[in-house]
Amino acid sequence: MLDFARAWGLRGMPGRIFHTPDLPSRSFQSMGTLATVTLGADYADLIEPITKHIREIFDRLESEMSAYRSDSAVRELSRMAGAASVAFSEDAYRVLQLSQHFGELTSGAFDPTASPLAKLWGFNGAPVPVTQPSGQSISEVLKLVDYRRMILREGTAFLPLQGMAVDVGGIAKGYAVDRAYDSCVSAGIHDFLIDFSGNVRAAGRPSQRERWQIGVRDPFDGDGVLGKIALPGGLALATSGSYERFVDIAGQRFSHVINPRTGYPVTGTASITVLAPDAVTADALSTAFFVTGLKEARDILEKAHSVELLLALDRYPMDLWFTPGLEAVFKPGPRLG
Ligand code: ADP
Ligand code: MG
């Protein structure tokens, strides 16, 4: 039986990398956010070509999977809902398969078809409503949301109802990081760290004496950190904060993660950090745990292998909850000491 160790009842929120000075490092913009590639000192010669290669991968994934670009295959899928199936590249098809897999693993807490709900609340490029959506409009839109109804067959996808729409924003960056990870390994690089907007995966170490250190940002203090996580080589970490992206409706703030079971934006959690064997798992589950909260997260963690969690409740004084495996690699900052 998995146990959460309840840690400190202090204010606190999510994570950022501690940039190790002197290491070769390059940043670029993709999918509307910042990506950073850092290599061990031995690989300085490779920083330009590998960054260029990773950037091409990220940009290609964005052009296929963006919910914001009208020419993306994912947008085409939503346009063709109820009418025709759409063919996807191998990578984009894999992302759709994985999104459905995480839907199953989380009993629909993660749902790639939640997009019509997100739009109702003013996300995914839709106008922010002046007042909260009515219960009736929410139950109408809920009929269009069900990851099980997305039909995936031989590289094509089909949405059976007009009005259904797909958004893989909850896992696309994690998937991209795993592809970048594979590219670095194939290029013979043993020590590296990739950070794509809080989706991180590392290999090896920054130097012989150290491990890669990831700062977990304080959710209520943009400049502060709760502490650091020493990230073992090969593993991935994702941190997501409910205050990073939100809309204001009639003076109330709503988070960009939607509960596909109720149709309402999630509440109650300030920040989530997931440690996992790969970045796509960390990304998907960090989104899903906002929906499930702690109790159901525990059940999912028992099914998922080697996944660890740090969850900060959205209350004062703030509660932090750790799985033992996360606590083992976490070093509290001065505010928690
Ligand atoms: P980011 O790092 O961009 O904040 P997250 O990994 O936290 O992304 O996931 C949030 C994104 O996932 C939302 O912007 C939306 O695109 C999508 N999303 C929102 N709710 C859900 C959900 N319940 N299941 C799957 N994806 C979701
Ligand atoms: Mg995510």
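Rule-based calculations on the coordinates, nothing more; no lab input. This one's a predicted model, so the numbers in the text were calculated from it and none came from an experiment. Don't worry about glycine lacking a Cβ; one is built from the backbone with ideal geometry, like all the others, and counts go over all protein chains shown.
Sequentially through the stretch 262-278, phi angles give Karplus couplings (6.51, -1.76, 1.60; θ = phi - 60°) of 9, x, 9, x, 6, 9, x, 10, 8, 7, 9, 10, 10, 9, 8, x, 9 Hz, Gly and Pro residues having no value and appearing as x. Towards the positive end of the charge dipole of the stretch 5-332, with charges on Cβ (+1 Lys, Arg; -1 Asp, Glu), say which of Gly233, Gly293, Ser186 has the farthest Cα. Checking the options against the dipole of the stretch 5-332, the answer is Gly293.
Take the Cβ atoms of Asp45 and Ser85, set R0 to 56 Å, and the FRET efficiency comes out at 0.80. How high is the FRET efficiency from Thr33 to Arg315, r the C-beta distance, R0 41 Å, rounded to 0.05? Computed FRET efficiency for Thr33 and Arg315 comes out at 0.90.
If you wrap the stretch 16-90 in the convex hull of its Cα atoms and look at it from every side, the mean projected area works out to 6.6 nm².
A helix-only calculation puts the chain at -9500 deg cm²/dmol for mean residue ellipticity at 222 nm, using -39500 (n - 2.57) for each DSSP H run of at least four residues, averaged over all residues. For Ile249, nonlocal amide neighbours, meaning residues 5 or more places apart or on other chains whose placed amide H falls under 5 Å from its own, are Phe254. Relative contact order of the chain: 24 percent, from C-alpha pairs under 8 Å at least 6 residues apart in sequence. Taking the Cα centre of the stretch 5-332 as the origin and placing charges on Cβ (Lys, Arg +1; Asp, Glu -1), which of Leu117, Ser27, Ile214 is farthest toward the positive end of the dipole? Of the candidates, Leu117 comes out farthest on the positive side. About the centre of its Cα atoms, the chain shows a dipole size close to 560 debye [charges on the beta carbon of Lys, Arg (+1) and Asp, Glu (-1) only; nearest 20 debye]. Largest first and in whole Å, the equivalent-ellipsoid semi-axes of the chain read 31, 26, 17, each the square root of five times a Cα gyration tensor eigenvalue.
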